[in-house]
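A.B. asks: Before I ask anything, let me first share the structure, which is written out below as structure tokens.
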Amino acid sequence: MGTTDELLWSRWEEVDRCLDAALDLPAAERPALVERVTRQDAELGALLGRLLSHAADASPRLEAPAEPLMAELFPGERVEPDLPPGSTVGRWTIRRQRGRGGMATVYEAARADGAYEQRAALKVLRRGLDTEDIVRRFLTERQILSSLTHPNIARLLDGGSTTDGRPYLVLELVDGEPITAWARSHELDVPQRLTLFLGVADAVHAAHRQLVVHRDIKPSNVMVDGDGRVRLLDFGIARLLEQGSERTMAGSRALTPEYASPEQLRDGPITTASDVYQLGILLHELLTGQRPQSENPRTRPSRLASEAGNQPVARRLRGDIDLVLDKALRSEPEERYASADEFAADVRRHLRGLPIQAHPESTTYRMRKFLGRHPIVLPGSAATAIALAGFMTLLGVQNQRLGAERDAAEAASRRAQETQELFVNLLRSPDPYSPADPERGRAITVAEALRMGAVRVDANPDADPTLRASLLSTIGGVFNSLGQYSDARAVLDRAIALRASTGDTLSTVFSTELGLLSGAIRGQGELDTALVVSERRLRLEREREPADPALLASALTGHSDGIEHADPERAIALQEESVRLLRALGGPELGIALKTLADQYRGAGRDADSEVAAREALAVLEATAGVDHPNTVMARHTLGQTLGERGEFAEATRLLEQSLHVFERDIGVDHPFTLSMRNNLGVAFLNAGDPGRAEEVFRALVPARERTHGERHPEVGSAMQNLAASLLGLGRLAEAEALTGEVEALYREVLPPGSILIAFPMLTRSEIQLARGNFAGARRTIDGIRAALDGRLPNDHPAVIVADCRLGRALAGLGADAQARMMLDGAVARMSSSEGVRDEHRRECIGARAALGAVAPVDSLAG
Amino acid sequence: MHDESTPLTTLLVRWSEGDVDAFPALMDLAYDDLRAIAHRRLRAAGARETLSTTALVHEAYLRLDAHSGGSWESRARFYAFAARAMRHILVDHARRRNADKRGGDVVCLTFEEAQGVSAVATAGADNGAVDVIATDAALEQLAARHPRMARIVELRFFGGLTVPETAKTLSTSVRTVEREWTRARAYLMEALSDHGNH
């Protein structure tokens, strides 16, 4: 090692301090600093000067080890000797090698006959690779290129075979830079980048008109020449649409994973929509410097820019461009822009200040509007769960679970000091780049402030990791309360990673954070992932020495919430254990747990138990939390639901409307809790025999849920299911049946396998099919229901009984009287001991049995 | 925390928590895949002009851990591992090769990734190439003084991760990675240019 090397390493701390300080200065002021240092210490000054010039070296050095060594590492793939400069290929003379790929080597060449001065890129198939398949591919590229003439596509000039029989292509030589590097080095602003992009989109559209799909659009295939003209290159894996049937031919996997569309990655059918997606990635990278985040390709580009510290660009992208990219980057091909041309048209509209076509309702950031109107922080945390109503054709969904609230409160008080500091800092020094949003002309929302807070906490790596984790989990808890589950999850993931890095995975705060995280994940609808987290927490608490009854109760409630969709009996057992623990402690926690238990009893058809628990919950909460506290309101709501189930409709709707109004006032009309209350009011109308008012409620609820939760979310499905039930009640059978199909498809897509919720749309459909006399269809549907419920619900659960009863009716309709009788007898017998079965279903079942005669069900009718 | 079941995930967790013994086992598990993918890439019939380590690592992860939900946490661990593995593979290879030639040539990596057909060619020439063994040695020096800077270089250079990916993997901010990457790169270039003078 040389002397300067020794200097570098022996005095590294000092050197690093100098270099860091120097890099903080504007470039113009650095030489002065170097000079000052040199005066004191010539050696150090010289080293600093060299380091600064290394640092300013803009070439993408040391980014990734490149091909030559790799090629060497894997012998047998050695490249053949070059065509040496001066050698001749057809009418072309080789000047130098320019690049080497898996399939071909590219040379710079000139016309050998000197007919005119033209430099070109000559691409020749590598020796040894001239298998039939590859040669065919090479020829396909030639065929494709010969059909394409567009100012933004590199032209095919010539082609042929070398003397040793390898095919070659001669292409227009594009001397330039990849589009992303060019935009950077020319410091293009956003409109200039968009304009540049339009050239690419036009080229792709021109190719599509010739039925050519490029399939490998990425920055290194989009070059900008010295005149600033964009050129789309490399149709090497492009193909003609007519060849679609050859999809599985060897090499169809030749793609660039980072730029591949979802259908390319899963080897699905490739259409022009795939190029639209790749154009979306290209534009995303061109504008933000990054590809879309692979774990969430639809994260807003403006947010990425903002996180990268580029506020002016973030502001420029927010709105239209976010929407345009969102539409281009949909994972379902049919949801994207129908063509590269439509994509380009929207970009043009944006550049001219016209409204774009990409539809705002379908984006991931609907919460912004809501938060704009309701910048409130609700204390506590929301964990959403789905419970079963006692009745099959509709879902009484009560998804308010505040078990984790106590955790948040505890964490909040423990970290009150830090939190207060965080908020004071947020208020005192708002981000100078976004003091207010010019588009909306108002102060930033709480959620935006929190996001900024999270970024700041995270960007401060010098802070104690434990403190950072605590702040992040506090922010995560608030995001949960706001129903911002994906933000909550991201922040809590970070908090938990920090705990793991400090080995702090047994502490009570870690346990609390797991609880919050499982709530956030459940809020996003990933029920089985949430279960993994809540189970881990429960295990942690059960093993804690000495046990902490409050934390154990909280973990029990959390896991109970999570498991309810799959195993209601176990959920109730866990919740009962939690209530037992909390009776010794008292306080609002007991009221919350009782309220949850009341919901679960009702879900299991145990309405009498539910009423007892709900009344006690309400009494406890009114005494300990106050009459208008959100938890008290929820308990009142629960009691309303239960009374509805028990047939006391007047009292039920009164309680439900009362609690709904408080939530609309205090929490906001689009908050997930408020929406659930609205849902439950609709259910009560249905139960009260008023499907007309129920339909009104649910018709408005479906789009509201789509805005709040996202389109593919179980909550949307339950609203649709309830709408179907209302339509059935109104006798609009065809509409209702179509809707149940949609619900079932949605559930199958988003719910974990084995979820009993899938049975509900099918139960509704079976009723419709029976009403329409489609007995064979009904029988198939009921077989599906029985398969979905098999072993997951007790035999005397109302859903199982009614499914059996329906099967009996279907069998009777099909003429299988003996089997029908057997089935109906079993159902009627179990019905008398199950209190959850509704009167009209009793009548339905007993009536069907009576119509079959032979053994008169007189006793049951009397009961 | 999501997928503690697969051997890969278990080993990755052990390794990232400091269990050095997990590394050879991970290499056993992943080496063939890394190698096979590199192999296929080099002969890929598509018109790929470069072998991107990033692509390779992403793909290796997808292949090895197809069953997991792919939480970022477990992917980050894999990236960290793959970068280290790549470093080992390259350095071992360079050492062996140099030994074969009795100190003859120095194995070099080119600094730049070729940019497709029209990239300014640096291939073939030695300029823009870096000595793997010297890089490794310089990285050891840096690691002794500033472990995170060394890890940034490892992830970026050997793992092929982008700046945001590196930041996520190291649980730090993009800004920190950018600042430290700039400095670390300067130190390595300095150390290597010095080396070249001998």
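The values are calculated or read from the model by the stated rules, or taken from the named source; none is laboratory data. Remember, predicted model here, so these are calculated numbers, not experimental data. Please note: Cβ atoms are built from the backbone with ideal geometry, for glycine as well, and neighbour counts cover all protein chains shown. Keep in mind that these areas ignore ligands, DNA and RNA; they rest on the heavy atoms of the full protein, side chains included. Shrake-Rupley method; radii C 1.70, N 1.55, O 1.52, S 1.80 Å.
A.B. asks: Got a sec? Which residues of the range B:155-178 lose 40 Å² or more of accessible surface with every protein chain in place, vs. that chain alone, 1.4 Å probe?
C.D. replies: SASA drop of 40 Å² or more in the range B:155-178: B:ARG156, B:PHE157, B:SER171.
A.B. asks: Right, something else. How compact and how long is the range A:561-687, expressed as Rg and Dmax of its alpha-carbon atoms in Å?
C.D. replies: 13.9, 40
A.B. asks: What accessible area, summed over both chains, is buried at the B-A interface (1.4 Å probe, Å², nearest 100)?
C.D. replies: Values: alone 11690 and 37310 Å², together 41600 Å².
Result for this pair: about 7400 Å² buried.
A.B. asks: While we're looking at this one, here's another question. Kindly provide the pair-distance distribution of the range A:655-720 built from C-alpha pairs, with 10 Å bins from 0 and whole-percent values in order of increasing distance.
C.D. replies: With a bin width of 10 Å, the distribution comes to 24, 53, 23, 0.
A.B. asks: Something else now. Given a Förster distance of 56 Å, report the FRET efficiency between A:GLU664 and A:THR195 from their Cβ-Cβ distance, rounded to the nearest 0.05. Don't skip to the answer; put the middle values down first.
C.D. replies: Working: r = 47 Å, r/R0 = 0.83.
The pair A:GLU664/A:THR195 has a calculated efficiency of 0.75.
A.B. asks: Sticking with this one: What spacing in nm lies between the two simple spin-label points modelled at B:ALA143 and A:GLU840, each 7 Å away from Cα in the Cβ direction?
C.D. replies: 7.2
A.B. asks: Whole-Hz ³J(HN,Hα) for each residue in the range A:161-166, computed from phi via Karplus 6.51 cos²θ - 1.76 cosθ + 1.60 with θ = phi - 60°, x for glycine and proline: what do you get?
C.D. replies: 10, 6, 4, 8, x, 8
A.B. asks: How big is the range A:465-605 in terms of Cα radius of gyration and Dmax, in angstroms?
C.D. replies: 14.7, 48
A.B. asks: Another question, if that's okay. Modelling each spin label as a point 7 Å along the Cα-to-Cβ direction, I'd like the B:LEU29/A:ALA850 distance in nm, to one decimal.
C.D. replies: 6.6
A.B. asks: Let me ask something else about it. What ³J(HN,Hα) values, in whole Hz, does the Karplus curve 6.51 cos²θ - 1.76 cosθ + 1.60 give for the range A:194-208 when θ = phi - 60°, with x put for Gly and Pro?
C.D. replies: Each residue's phi maps through the Karplus curve to give 5, 5, 4, 4, 4, x, 5, 4, 5, 4, 5, 5, 4, 5, 4 Hz.
A.B. asks: Can you give the average number of partner chain beta-carbon atoms within 10 Å of each beta-carbon in peptide A:216-228, as a whole number? Walk me through the intermediate numbers first.
C.D. replies: On the way: counts 3, 0, 1, 2, 11, 6, 1, 5, 1, 1, 0, 0, 0.
Averaged over the peptide's residues, the number is 2.
A.B. asks: Note the full-extension length gain between A:ARG36 and A:ARG780 as 0.36 nm times their separation in residues minus their Cα-Cα distance, in nm to one decimal.
C.D. replies: Details: separation 744, 0.36 × 744 = 267.84 nm, distance 8.71 nm.
So the extension gain works out to 259.1 nm.
A.B. asks: Non-local amide H neighbours of A:GLY176 (under 5 Å, H modeled in plane, Pro and chain starts lacking H): which ones?
C.D. replies: Correct list: empty.
A.B. asks: Explain nothing, just the number: dipole magnitude of the range A:496-573 about its Cα centre with +1 on each Lys and Arg Cβ and -1 on each Asp and Glu Cβ, in debye rounded to the nearest 20.
C.D. replies: Details: 8 positive and 13 negative charges, 32 e Å.
Computed charge dipole of the range A:496-573: roughly 160 debye.
A.B. asks: Could you check the simple spin-label distance between A:GLU648 and A:GLU545, using points 7 Å along Cα→Cβ, in nm with one decimal?
C.D. replies: 5.0
A.B. asks: Please compute the average number of Cβ atoms from other chains found within 10 Å of each residue's Cβ in peptide B:179-186. Intermediate values should be presented prior to the final figure.
C.D. replies: Numbers: counts 3, 3, 3, 7, 8, 3, 7, 14.
Other-chain Cβ atoms within 10 Å of each residue's Cβ, averaged: 6.
A.B. asks: Compute the distance from the alpha-carbon center of the range B:157-192 to that of the range A:475-507, in whole Å.
C.D. replies: Using only Cα atoms to place each centre, the spacing works out to 26 Å.
A.B. asks: Right, another one. Using only atoms on other chains, find how many Cβ atoms lie within 10 Å of each Cβ of peptide A:20-28 and report the average.
C.D. replies: Working: counts 4, 0, 0, 4, 1, 0, 0, 0, 0.
Neighbouring Cβ atoms belonging to other protein chains average 1 per residue here.
A.B. asks: When all protein chains stay in place, what accessible area (Å², nearest 10, 1.4 Å probe) is found for A:HIS713?
C.D. replies: The value for A:HIS713 is about 10 Å².
A.B. asks: Where in the range A:528-542 does the amide nitrogen come within less than 12 Å of the point 7 Å from the Cα of A:SER507, taken along Cα to Cβ?
C.D. replies: none
A.B. asks: Express in nm, to one decimal, how much length is gained between A:ARG96 and A:ARG699 on full extension, taking 0.36 nm for each residue of separation and deducting their alpha carbon distance. It would help to have the intermediate numbers written out before the result.
C.D. replies: Details: separation 603, 0.36 × 603 = 217.08 nm, distance 6.90 nm.
Length gained, A:ARG96 through A:ARG699: 210.2 nm.
A.B. asks: With a 1.4 Å probe and all protein chains kept in place, how much accessible area does A:TYR337 have, in Å² rounded to the nearest 10?
C.D. replies: 0
A.B. asks: Under the Karplus relation 6.51 cos²θ - 1.76 cosθ + 1.60, θ = phi - 60°, what is the ordered set of whole-Hz ³J(HN,Hα) values for the range A:28-41, x standing for Gly and Pro?
C.D. replies: 5, 8, 5, x, 4, 5, 4, 4, 4, 4, 4, 4, 7, 8
A.B. asks: Could you pull out every residue, at least 5 positions away or on a different chain, whose amide H is within less than 5 Å of the one on A:GLY159? Hs are placed 1.01 Å off N in the peptide plane, and Pro or chain starts have none.
C.D. replies: Correct list: A:VAL170.
A.B. asks: Roughly how many debye, to the nearest 20, is the charge dipole of the range A:645-700 about its Cα centre, given +1 on each Lys and Arg Cβ, -1 on each Asp and Glu Cβ, and no other charges? Write down the numbers at each step before the final one.
C.D. replies: Values: 6 positive and 10 negative charges, 7 e Å.
The dipole magnitude comes to about 40 debye.
A.B. asks: OK, next. For A:ARG95, list long-range residues whose amide hydrogen, built 1.01 Å from N in the peptide plane, is under 5 Å from its own amide hydrogen.
C.D. replies: Excluding prolines and chain starts, which carry no amide H, the hits are A:GLY86, A:GLU108, A:ALA109, A:ALA110.
A.B. asks: Counting alpha carbon pairs within less than 8 Å and at least 6 residues apart, what relative contact order, in whole percent, applies to the range A:541-642? The partial results should precede the final answer.
C.D. replies: Working: 129 pairs, mean separation 21.0, N = 102.
Taking the mean separation of contacting Cα pairs over the length of the range A:541-642, I get 21 percent.
A.B. asks: I need the P(r) histogram for the range A:650-766: all alpha carbon pairs, bin width 5 Å from 0 out to the longest distance, whole percents.
C.D. replies: Reading the bins upward from 0: 2, 13, 21, 22, 21, 13, 7, 1, 0.
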